[in-house]
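Notes to accompany the following structure.
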Amino acid sequence: MSNMYIKTVTGMSVVVAALMMSPVFAAEHGVTTAPKGSSSNVAWTAEMVEFVAKGDKNRGGQLNQDLFCASCHGQVGIAPSANWPSLAGQRAEYTFKMLKDYKEGKRKGSHSAEIMTATSQLVSDQDMADLAQFYASFTLPPLPVGVSFDAAVGAQSKSIVTRGDGKRLVAPCQSCHVANGEGQETDTPALAGQTPDYFIKTMQEYKTGARSSDVYSRMRLIAKVLTDEEIVQMAHYYAGLTAK
Ligand code: HEC
Ligand code: HEC
């Protein structure tokens, strides 16, 4: 637990610290039921899609408060800080998959991922579906207060976002994330309005392979051939999509 983290969210750090010491966390953390090498345990069967679709957003809103998710992701899914992701308007299946991936130790890669691994031990599958529907019930987020983007920098990535790069076999980002960055079924996330700091951090983690729960390595293969500069440009492009 770094000092920076303790200073930022004192209340939650106590909860997370207590969790990490609890036998439940230790047991679940130590044991994995995943087949070796698979990137995620979440398989989108019709039953699974229906289960998430039936999540109760009102109960999810209550959990967002009671489990302190709001302290880092905001009351309505708009993060209060540049380095924490906003969740408003996110696709429910993607949010559900992420919570499962964290809980089952599949999404790793950074100290902040460890925070989510600890936090997600608190939530059941039903809670995940409810939380996912709660965040999905909002429109795509504006940037957090005090966070800005540079439209000119963002514009430099327009060609690769809309047309891709055949030479490097990079498919256009929008072929999966859709033209307005709203994501699509089943679990391709919305990117519009995401904070640039988080966007860059997570793309770098796909690039190094530290974040590896993307099924079929879809994002790892793409991020690997992008330059650091291009990643920054894309972060500003997507951050700008919800700017008024
Ligand atoms: C102490 C701050 C903190 C708390 C409390 C917290 N989160 Fe997070 N959350 C983060 C950070 C930081 C990340 C990014 C982690 C990473 O890079 O892997 C994150 C990532 C996520 C993601 C993945 C977002 C994406 O775009 O991929 C979801 C979903 C999420 N959190 C949901 C929740 C829910 C639900 C709760 C409450 C049960 C919660 N979080 C509590 C800080 C927090
Ligand atoms: C073949 C489809 C596909 C293409 C093309 C694609 N993505 Fe993705 N992207 C995905 C999927 C699926 C995920 C979720 C992966 C996971 O489960 O970790 C994702 C996740 C992401 C995330 C993480 C979002 C979050 O909230 O943490 C970012 C950022 C991202 N993509 C950016 C891009 C950019 C930029 C491009 C273009 C260079 C791109 N993607 C091209 C399918 C795609």
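The values are calculated or read from the model by the stated rules, or taken from the named source; none is laboratory data. As the structure is a computational prediction, the values presented were derived from the model and not from experiment. For neighbour counting, all protein chains shown are included, and Cβ atoms are generated from backbone atoms with ideal geometry for every residue, glycine included.
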Among the residues of the stretch 37-52, which ones are farther than 18 Å from residue 124 by Cα and either surrounded by fewer than 11 Cβ atoms within 10 Å (Cβ to Cβ) or of a type in the set (Val, Ile, Thr) (or both)? 37, 45, 46
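Looking at the stretch 203-226, which of the residues that are near ligand 2 (Cβ under 8 Å from one of its atoms) and touching a residue at least 40 places away in the same chain (Cβ under 8 Å) is farthest from residue 186 (Cα to Cα)?
Of everything passing the filter in the stretch 203-226, 226 is farthest from residue 186 (Cα to Cα).
Does at least one position in the stretch 77-91 carry a residue that is assigned to a helix (DSSP H, G or I), within 12 Å of ligand 2 (Cβ to nearest atom) and within 13 Å of the chain's Cα centre (by Cα)? Spell out the reasoning first.
Initially, the stretch 77-91 is screened for residues assigned to a helix (DSSP H, G or I), giving none.
No; the residues of the stretch 77-91 include none that is assigned to a helix (DSSP H, G or I), within 12 Å of ligand 2 (Cβ to nearest atom) and within 13 Å of the chain's Cα centre (by Cα).
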When residue 183 is evaluated against the numbered criteria (1) out of contact with any Leu (no Cβ under 9 Å at 6 or more places or on another chain); (2) within 16 Å of ligand 1 (Cβ to nearest atom), which criterion, by number, is the only one it fails? (1)
Condition first: under 20 Å from residue 110 (Cβ atoms), part of a loop (DSSP other than H, G, I, E, B) and either touching a helix residue (DSSP H, G or I) at 6+ places or on another chain (Cβ under 7 Å) or among the hydroxyl-bearing types (Ser, Thr, Tyr) (or both). Now tell me which residues in the stretch 186-225 satisfy that. 189, 191, 194, 195, 209, 211, 212, 213, 214
Among the listed residues 145, 170, which satisfies the condition of being away from ligand 1 (no atom under 16 Å from the Cβ), surrounded by 17 or more Cβ atoms within 10 Å (Cβ to Cβ) and not basic (Lys, Arg)? 170
So residue 180 fits all but one of (1) under 21 Å from the mean Cα position of the chain (by Cα); (2) part of a helix (DSSP H, G or I); what number is the exception? (2)
Test residue 216 against the criterion of being among the aromatic types (Phe, Trp, Tyr), assigned by TED's automatic domain parsing to the domain that holds residue 163 and crowded, with 21+ Cβ neighbours inside 10 Å, and give yes or no. no
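Can you work out which of the residues in the stretch 106-120 that are in a loop (DSSP other than H, G, I, E, B) and surrounded by fewer than 18 Cβ atoms within 10 Å (Cβ to Cβ) is nearest to ligand 1 (Cβ to nearest atom)?
Taking the stretch 106-120 and keeping what is in a loop (DSSP other than H, G, I, E, B), we get 106-110.
After this cut, where a residue has to be surrounded by fewer than 18 Cβ atoms within 10 Å (Cβ to Cβ) as well, the list is 108, 110.
On the way: 108: 8, 110: 5 Å.
That would be 110.
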